[in-house]
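Everything below concerns the one structure shown next.
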Amino acid sequence: MKLLILLGPPGAGKGTQAQLLTSKYGYVQLSTGDMLRAAVKAGSEVGKQAEAIMKSGGLVSDEIVTKLIADRLDGESQATGFIFDGYPRTQAQAESLDALLSERGLKLDHVIELDVDEDALVDRISGRYTCARCNEGYHDRYKLPKTAGVCDVCGSTEFKRRPDDNAETVRTRLAEYRAKTAPILPYYEAKGLVTRVDGMADIEDVTASIDRILGEETVGTPA
Ligand code: AMP
């Protein structure tokens with residue numbers, strides 16, 4: 001069982017790398033952003049509470065996101081690993097995660113910090129979109145589908161963009177990252193868990209660096 005946190009500002013490539021690791025090793029991606037977007041779409045109580053906050057680029061309450069994570073951890077008892085993507089984002093969430101894991105006899109193996117040049121983030125974020133059916137990620141300049149307008153993975157011709165991927169909201173999201181999320185790095189550094197990876201490298205090179213950290217280049221079972 002491998003447990004890994006991907007930490008980095010919006011647009012650093014956490015979701016992209018989490019998806020690649022998921023298809024390579026069968027790990028379960030736990031993205032609180034994805035869970036919250038699903039809750040908004042479903043119109044649930046959590047979704048109603050989160051929607052306006054997400055639109056503004058602020059952070060949803062620690063209680064809500066920790067509950068989402070706890071429920072998913074309990075629902076995936078067969079998992080061979082978990083990738084935390086976009087969680088924890090505050091010191092309180094980091095401490096809650098420790099408690100959730102120790103209650104379940106689990107422990108973190110790695111915190112991977114995706115280090116990126118902030119100037120590149122707005123450019124990355126404003127060009128990104130996903131397949132509306134399977135959620136595969138694309139980008140207007142860096143990752144186009146092999147056949148224009150057709151998803152490489154599932155063949156769908158429907159794509160979507162996130163409402164919070166606009167320049168103004170991105171600035172708030174970056175400010176939230178700097179104020180509340182970056183300060184949790186020392187907490188994990190003190191536990192000896194943090195490895196920094198150059199998030200400006202090509203997608204495959206970032207994956208290769210993460211593979212090295214996981215030490216699973218040869219034992220992983222490609223899907
Ligand atoms: P993401 O997809 O990770 O960029 O998250 C999108 C938005 O969902 C964020 O800007 C926050 O409003 C909210 N969100 C996602 N994860 C968390 C979290 N761990 N704590 C608080 N808010 C979150």
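Going through (1) more than 15 Å from Gln17 (Cβ to Cβ); (2) basic (Lys, Arg); (3) touching a residue at least 60 places away in the same chain (Cβ under 8 Å) one by one, Arg133 falls short only on (3).
Residues in the range 1-21 that are within 15 Å of the ligand (Cβ to nearest atom) and over 12 Å from Phe84 (Cα atoms): Pro9, Pro10, Gly11, Ala12, Gly13, Thr16. Of the residues making up the range 27-45, those that are among the hydroxyl-bearing types (Ser, Thr, Tyr) and within 11 Å of the ligand (Cβ to nearest atom) are Ser31, Thr32.
Which ones in the range 137-166 are of a type in the set (Asp, Glu) and in contact (Cβ under 8 Å) with a residue 40 or more places away in the chain? If the condition is that a residue be of a type in the set (Asp, Glu) and in contact (Cβ under 8 Å) with a residue 40 or more places away in the chain, then Asp164, Asp165 are the ones that fit. Within the range 99-109, the set of residues being in a helix (DSSP H, G or I) and open to solvent by less than 40 Å² (accessible area, probe 1.4 Å) comprises Leu100, Leu101. In the range 175-193, the condition of being assigned to a strand (DSSP E or B) and open to solvent by less than 70 Å² (accessible area, probe 1.4 Å) is met by no residue.
Would you check if there is a residue in the range 110-123 being at pLDDT below 95, within 23 Å of Ser56 (Cα to Cα), assigned to a helix (DSSP H, G or I) and within 13 Å of the ligand (Cβ to nearest atom)? The answer is yes; a qualifying residue exists.
Looking at Lys24, Lys48, just one residue is touching a Gly at 6+ places or on another chain (Cβ under 8 Å), open to solvent by 40 Å² or more (accessible area, probe 1.4 Å) and either under 21 Å from Lys107 (Cβ atoms) or more than 8 Å from the ligand (Cβ to nearest atom) (or both), and that residue is Lys24.
Pairs linking a residue in the range 6-24 that is closer than 12 Å to Ile210 by Cβ and among the β-branched types (Val, Ile, Thr) to a residue that is surrounded by fewer than 22 Cβ atoms within 10 Å (Cβ to Cβ) and modelled with pLDDT under 95, with Cβ atoms under 7 Å and 6 or more positions apart or on different chains, are Thr16/Gly137; Thr16/Ile203.
On the given criteria, is Cys154 surrounded by 14 or more Cβ atoms within 10 Å (Cβ to Cβ) and in contact with an Asp or Glu (Cβ under 9 Å, 6 or more places away or on another chain)? Criteria not met by Cys154. When you check Leu4 against the structure, is it modelled with pLDDT of 95 or more and either under 15 Å from the mean Cα position of the chain (by Cα) or open to solvent by less than 10 Å² (accessible area, probe 1.4 Å) (or both), yes or no? Judged against the criteria, Leu4 is a match.
Quick check on the range 28-41. Is at least one of its residues under 26 Å from Tyr142 (Cα atoms), assigned to a loop (DSSP other than H, G, I, E, B) and in contact with a strand residue (DSSP E or B) (Cβ under 7 Å, 6 or more places away or on another chain)? Taking every residue of the range 28-41 in turn, none turns out to be under 26 Å from Tyr142 (Cα atoms), assigned to a loop (DSSP other than H, G, I, E, B) and in contact with a strand residue (DSSP E or B) (Cβ under 7 Å, 6 or more places away or on another chain). Between a first residue in the range 56-84 that is open to solvent by 20 Å² or more (accessible area, probe 1.4 Å) and a second residue that is more than 13 Å from the ligand (Cβ to nearest atom) and basic (Lys, Arg), which pairs have beta carbons less than 9 Å apart while being 6 or more apart in sequence or on different chains? These pairs meet every condition: Asp74/Arg104; Thr80/Lys2.
The values are calculated or read from the model by the stated rules, or taken from the named source; none is laboratory data. Fair warning: this is a prediction, and the values are worked out from it, not measured in the lab. We place every Cβ from the backbone using ideal geometry, glycine too, and count neighbours over all the protein chains shown. Accessible surface is based on the protein model in full, side chains and every heavy atom, while ligands, DNA and RNA are left aside. Shrake-Rupley method; radii C 1.70, N 1.55, O 1.52, S 1.80 Å.
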